[in-house]
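Accompanying notes for the structure given below.
The values are calculated or read from the model by the stated rules, or taken from the named source; none is laboratory data. It should be emphasised that the depicted structure is a prediction, and the values quoted were computed from it without experimental measurement. Cβ coordinates were reconstructed from backbone atoms using ideal geometry, including for glycine residues, and neighbour counts include every protein chain displayed.
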Amino acid sequence: MAAPVIELRGLARTYPGPPPVPALRPADLVIEAGGYVAVTGPSGSGKSTLLHLLGLLDSPTAGSYLLDGLDTSTLNDRDRSALRGRRIGFVFQAFHLLPYRTALENVQLAELYNQTPRGNRIQAAVDALEAVGLGHRMEALPTTLSGGECQRVAIARALVNRPSLLLCDEPTGNLDSQNAAALMELLDELNATGFTIVVITHDQAVASHARRAIAISDGVLSERIEVDHG
Amino acid sequence: MGRSTTGLLPPRLTMRDATAEAVAGIVQRPGRAILTMLGTVLGVGAFVGVLGLTATGAGQISHQFTVLQDTTVTVEDNGPANNVAPPGANPAIGFPADADTIASHINGVSAAGVWWPVSLPEGTNFTSSLALSATASQTVNLLAASAGAVKAMGLSMVAGSPLTSYENDTSQHVAMIDTTTAAAIGISAARLPSHPAVFVNGIAYTVTGIYSSAQRVVTSESAMLIPEKTALADYGNPQPGIGNQDEAQMVAATRIGAAQAVARQIAVAELPSDPSRLVVTSPPNPQNLQSEVTGDLAGLFLILALISLLIGAVGIANTTLVAVLERTEEIGLRRAVGARPRHIAAQFLAESTALGTLGGLIGTCIGVGIVVIFAAAKDWTAVLNPIYTLPAPLIGSVVGLLAGSYPALRASRTSPLAALRHA
């Protein structure tokens, strides 16, 4: 069995009240390297809370979270930011591309803060864009790209630092079914090349691509069925 | 910057990257950037323009206020309080016999001496030969001058030599004439060794020197200078009293900057028994003139410049704050890709500072342009002090930096969660 990328031990997040809201109740979860996990649940179930905790954008109120074996709950903001910049790649529903920057510049943004030498940035960004099939649109502005292409740029940005974990938040939420299917195929391919992927979605079609499904409801995680890949 | 417990290099935003991000942020919205900069442009432009125009104006005053004026002191003989001279005659001149020597002992005086215009009857002829009748006449002024006065006049000699104190003491009938007079009465410089004479109403004066121009007293008129004692013997005492046109005067050439001090001392030194008889004229203090001009308008305009800068700062603060609110999503994204709050603050601070600097640069250019165009239109020399012109764009930088600090703080406190949750 591969080493765990994610290990949650009694991880919980309660938003201070009044009244206090237990958005995530103490949860235990282990995701191995190369895993492909879908987290599903209705809105308000605690999906986003889990995403932010996994992405080190938020801190738990209890429990510990080990990323690549590192206990993140003991880290200061500097180290958490470093981990975020190096080990985690985010893919958002709304793409979050900078509208006035080209696809290539958007991808390079993920290399800005993690001390990647300037000389290496462009080549890494070009490689990432080529990996998502956008080698021909590198100088295009997001406004001239289709939704599917925008999300591919966002994935390239998430990949460029070769992170341990690819965190996808409703990655197909803003795409039509055809683009959504193509995107899920891309994620499948990336997983096949070794990326650990966690997809948070309420879309069962998206969740069905994952090899493991976890449901969340009222802040409680529960393992669902083990689905066959493909 | 060692590796931490994570084994990763800590997040970092280099100066170069921050600047590049700031510039990219500004050029994204050029129209907005220009409007934002306007206040700073006006403020810095006004600052540079006002100081430049003031310096140019002051420079012009000092230009008009020539070195010659600044080194000339004149003393006029106003006559004795009670006229003690016999009826029909003028009183003795107020200056002592050794007036030149006394004046030259005053610190700062380079040359000084007594002179006066000799009043001649109407139709006086100046001629180089008694046999000739057609000669220069009215336009030539006959001046009595001591050797010191001749020296103080600063004559440029063409031929011969200036009047000496020996010629004065011995009442020689010698004269100096200017080139115009020399040409009019037919005495060339080449003829000087043969001792030509000028006859004034029949009295012969041997020409010992010809001058072409003078720095003081006889600057714009044809004149013939004779020793003062010769003039006293031939024409009697000059009439004292200011405005008589022929009262005895003293002209003193001083070192630069010494005129004021010389003017304060000279009357007492020359005539300790009755200093008020001598009326001293000295040039106005040039520093007073300059500070008057600098003081009046410049203060007002500098206040206006400050107000413009304040408005510029508010403009930049406002726009940067709007940009921060507008770009919450971008802030969230940057946090997600590893930026720390301080990196977010640095980026917005760099943007506002770059805006301010750019505004300061443009403002400085406009200010310099105004000064240069104004000076050119007036045919003046533009004066721009590099000590405040060159660093002027930095005023814009400081304005931008200060204006951006609150928005940058706001930006750094933006929660990445809130920023990324919705779009």
Item to complete: Give region B:322-344 a look and list any residue that's of a type in the set (A, V, I, L, M) and buried (at least 20 other Cβ atoms within 10 Å of the Cβ), or say none.
Response: B:Ala323, B:Val324, B:Ile331, B:Leu333, B:Ala336, B:Val337, B:Ala339, B:Ile344
Worksheet item: Which of the residues belonging to region A:153-168 are within 10 Å of another protein chain (Cβ to nearest Cβ) and surrounded by fewer than 24 Cβ atoms within 10 Å (Cβ to Cβ)?
Response: A:Asn161
Worksheet item: of a type in the set (D, E, K, R) and within 9 Å of chain B (Cβ to nearest Cβ), is that true of A:Glu130?
Response: no
Practice prompt. Kindly indicate whether any position in region A:21-28 is under 30 Å from A:Ala192 (Cβ atoms) and at pLDDT 85 or above.
Written response: yes
Practice prompt. From the list B:Ala346, B:Ala339, B:Ala408, pick out the single residue that is of a type outside the set (Phe, Trp, Tyr), in a helix (DSSP H, G or I), under 30 Å from A:Ser48 (Cα atoms) and in contact with a Phe, Trp or Tyr (Cβ under 7 Å, 6 or more places away or on another chain).
Written response: B:Ala408
Item to complete: Would you please list the contacts, defined by Cβ atoms under 8 Å and residues six or more apart or on different chains, that run from a residue in region A:90-110 that is at the interface with chain B (Cβ under 8 Å from one of its Cβ atoms) to a residue that is of a type in the set (Lys, Arg) and surrounded by fewer than 24 Cβ atoms within 10 Å (Cβ to Cβ)?
Response: A:Leu109/A:Arg101
Worksheet item: Among B:Val383, B:Val368, which is the only one that is part of a loop (DSSP other than H, G, I, E, B), surrounded by 17 or more Cβ atoms within 10 Å (Cβ to Cβ) and at negative phi?
Response: B:Val383
Fill in: Test for B:Ser194: is it over 30 Å from B:Ser104 (Cα atoms) and either surrounded by fewer than 19 Cβ atoms within 10 Å (Cβ to Cβ) or touching a Ser or Thr at 6+ places or on another chain (Cβ under 8 Å) (or both)
yes
Worksheet item: Among all residue pairs at least 6 apart or on different chains, which show Cβ distances below 8 Å where the first residue, located in region B:309-338, is more than 14 Å from chain A (Cβ to nearest Cβ) and the second is surrounded by fewer than 24 Cβ atoms within 10 Å (Cβ to Cβ) and assigned to a loop (DSSP other than H, G, I, E, B)?
Response: B:Val324/B:Thr414
Practice prompt. Give region A:65-89 a look and list any residue that's closer than 18 Å to A:Ala33 by Cβ and more than 7 Å from chain B (Cβ to nearest Cβ), or say none.
Written response: A:Tyr65, A:Leu66, A:Leu67, A:Asp68, A:Gly69, A:Asp71, A:Thr72, A:Arg87, A:Ile88, A:Gly89
Practice prompt. Return the total of residues in region A:152-180 being over 23 Å from A:Pro42 (Cβ atoms) and either assigned to a helix (DSSP H, G or I) or touching a His at 6+ places or on another chain (Cβ under 8 Å) (or both).
Written response: 10
Worksheet entry | Filter result for A:Gly34 (touching a Gly at 6+ places or on another chain (Cβ under 6 Å), outside any strand (DSSP E or B) and more than 12 Å from chain B (Cβ to nearest Cβ)) | yes
Worksheet item: Quick one: what pairs do we get from region A:69-80, first residue in contact (Cβ under 8 Å) with a residue 24 or more places away in the chain, second of a type in the set (A, V, I, L, M) and surrounded by 15 or more Cβ atoms within 10 Å (Cβ to Cβ), C-beta under 8 Å, 6+ apart or different chains?
Response: A:Arg80/A:Leu56
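To keep it simple, each residue is scored yes or no on (1) at pLDDT 85 or above; (2) among the acidic types (Asp, Glu); (3) surrounded by fewer than 19 Cβ atoms within 10 Å (Cβ to Cβ).
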| position | (1), (2), (3) |
| --- | --- |
| B:Ser212 | yes, no, yes |
| B:Ser220 | no, no, yes |
| B:Met224 | yes, no, no |
| B:Pro227 | yes, no, no |
| B:Asn244 | no, no, yes |
| B:Met250 | yes, no, no |
| B:Ala253 | yes, no, no |
| B:Ile266 | yes, no, no |
| B:Glu270 | yes, yes, no |
Worksheet, complete the sentence: Within region B:229-238, the count of residues that are surrounded by fewer than 17 Cβ atoms within 10 Å (Cβ to Cβ) and either assigned to a loop (DSSP other than H, G, I, E, B) or touching a strand residue (DSSP E or B) at 6+ places or on another chain (Cβ under 7 Å) (or both) comes to 2
Worksheet item: What number goes with the only condition from (1) modelled with pLDDT of 90 or more; (2) within 14 Å of chain B (Cβ to nearest Cβ) that A:Arg118 does not pass?
Response: (1)
Worksheet item: Which of the residues that make up region A:71-126 are in contact with a His (Cβ under 9 Å, 6 or more places away or on another chain) and assigned to a loop (DSSP other than H, G, I, E, B)?
Response: A:Ala94, A:Leu112, A:Tyr113
Response to the item:
Considering residues that are farther than 20 Å from A:Gly194 by Cα and assigned to a loop (DSSP other than H, G, I, E, B), the number found within region A:56-70 is 6
Discussion item. Testing B:Ala182 on (1) within 20 Å of B:Ala248 (Cα to Cα); (2) crowded, with 23+ Cβ neighbours inside 10 Å, one condition comes back false. Which one is that?
Written reply: (1)
Worksheet item: Of these, A:Glu111, A:Glu139, A:Glu149, which one is among the acidic types (Asp, Glu), within 24 Å of B:Leu9 (Cβ to Cβ) and either out of contact with any Asp or Glu (no Cβ under 6 Å at 6 or more places or on another chain) or at pLDDT 90 or above (or both)?
Response: A:Glu111
Response to the item:
Residues of region B:208-233 being more than 12 Å from B:Leu142 (Cα to Cα) and not hydroxyl-bearing (Ser, Thr, Tyr), in sequence order, are B:Gly209, B:Ile210, B:Ala214, B:Gln215, B:Arg216, B:Val217, B:Lys229, B:Leu232, B:Ala233
Worksheet item: If you go through region B:298-306 one residue at a time, do you hit one that is away from chain A (no Cβ under 14 Å), part of a helix (DSSP H, G or I), free of Cβ contacts under 8 Å to residues at least 12 places away in the same chain and not β-branched (Val, Ile, Thr)?
Response: yes
Discussion item. Quick check on B:Thr36: is it away from chain A (no Cβ under 14 Å), surrounded by 17 or more Cβ atoms within 10 Å (Cβ to Cβ) and either at pLDDT below 85 or not in a strand (DSSP E or B) (or both)?
Written reply: yes
Worksheet item: Looking at region A:49-64, is at least one residue out of contact with any Ser or Thr (no Cβ under 8 Å at 6 or more places or on another chain), facing chain B (nearest Cβ under 8 Å) and of a type in the set (Ser, Thr, Tyr)?
Response: no
Discussion item. With the requirement that a residue be modelled with pLDDT under 85 and either in a helix (DSSP H, G or I) or hydrophobic (A, V, I, L, M, F, W, C) (or both), what does region B:280-290 give you?
Written reply: B:Pro286, B:Gln287, B:Asn288, B:Leu289, B:Gln290
Discussion item. Criterion first (part of a loop (DSSP other than H, G, I, E, B), surrounded by fewer than 18 Cβ atoms within 10 Å (Cβ to Cβ) and of a type outside the set (Lys, Arg)) does B:Thr414 satisfy it?
Written reply: no
